[in-house]
Amino acid sequence: MKDHNLKVNMNEYLPLRDVVFNTLRQAILKGELEPGERLMEIQLADRLGVSRTPIREAIRKLELEGLVLMIPRKGAEVAKISEKSLRDVLEVRRSMEELAIELACQRMTEEEIDDLDMARKAFSDAVARKDMMLMAETDEAYHDIIYKGTCNSRLVQIINNLREQMYRYRLEYIKDADKHPILLIEHENIFRAVKARHVAEAKAAMREHIDNQEITVSQNIKEKEESNL
């Protein structure tokens, strides 16, 4: 295990196990803990200054999210980002997002559309600041407003169940600085279509948004695999 400078950001409102989980999750998403890297309970406990119990609980939860794999006779390691897992997640996300944008076009209030515009601008500000984590968070917030606008709690629940798995690929897409201008255009196109209540146009814009994410992340995966040969 590499010598990472991991730090626990204590939050007085959260139990220790949740704080440890959030710390390890952020380290994986940021790439501080790299795909394929082994997660040694004793070493992680020493680095974070906690017992092994919250480490073990965090690893178990990260496994459920697909961020960690348990390898027989080897232990836990950070899950690699594969084209298969990318395709599986985005096939589901594409269908859910298209349904969500269709319902949102029909049901969003004018106030929610204004909120969507504010979220779009917040994402643009994050891009200008080149803050990757903030970009991922504001992108997620942008889509959350669309989900809320569907007025369909079951759909929101299903999407939320995929949230953590989608987040990793969202961050991978955002890491590609060359795609930032395209992301801004995609958000603009989605917003304009929703504001105009143009369902077909909104669905096409959302589909393009997800397709571009799949193409970009898939290419990044291939490049990483080739560099490791």
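Remarks
- Degrees, to the nearest 10: 52-64 long Cα axis against longest axis of the chain: 40 degrees
- Label point distance in nm, Arg87-Ser51, each placed 7 Å from Cα along Cα→Cβ: 4.6 nm
- Once the Cβ-Cβ distance of Glu226 and Glu111 is raised to the sixth power relative to R0 = 45 Å, the FRET efficiency obtained is 0.40.
- Here the dipole of segment 58-130 is about 820 debye; that uses its Cα centre as origin and unit charges on the Cβ of Lys and Arg (positive) and Asp and Glu (negative).
- Extension gain (nm, one decimal) between Glu32 and Ala196, 0.36 nm per residue minus Cα-Cα: 54.8 nm
- Pairs exceeding 29 Å between alpha-carbon atoms, taken from Lys61/Lys195; Lys80/Lys179; Lys74/Lys224; Lys179/Lys203; Lys80/Lys121: Lys61/Lys195; Lys80/Lys121.
- Surface per residue (accessible, 1.4 Å probe) for segment 1-137, Å²: 56 Å²
- When only Cα pairs below 8 angstrom with a gap of at least 6 residues are kept, segment 24-143 shows a relative contact order of 19 percent.
- Carbon + sulfur, % of accessible area of the chain - ligands and nucleic acids excluded, 1.4 Å: 50 percent
- Ile185 - accessible surface, heavy atoms, 1.4 Å probe, Å² rounded to 10: 100 Å²
The values are calculated or read from the model by the stated rules, or taken from the named source; none is laboratory data. These figures come from a predicted structure and were not determined experimentally. When we count neighbours, we look across all protein chains shown, and the Cβ atoms used for this are built from the backbone with ideal geometry, even at glycine. Accessible surface is based on the protein model in full, side chains and every heavy atom, while ligands, DNA and RNA are left aside. Shrake-Rupley method; radii C 1.70, N 1.55, O 1.52, S 1.80 Å.
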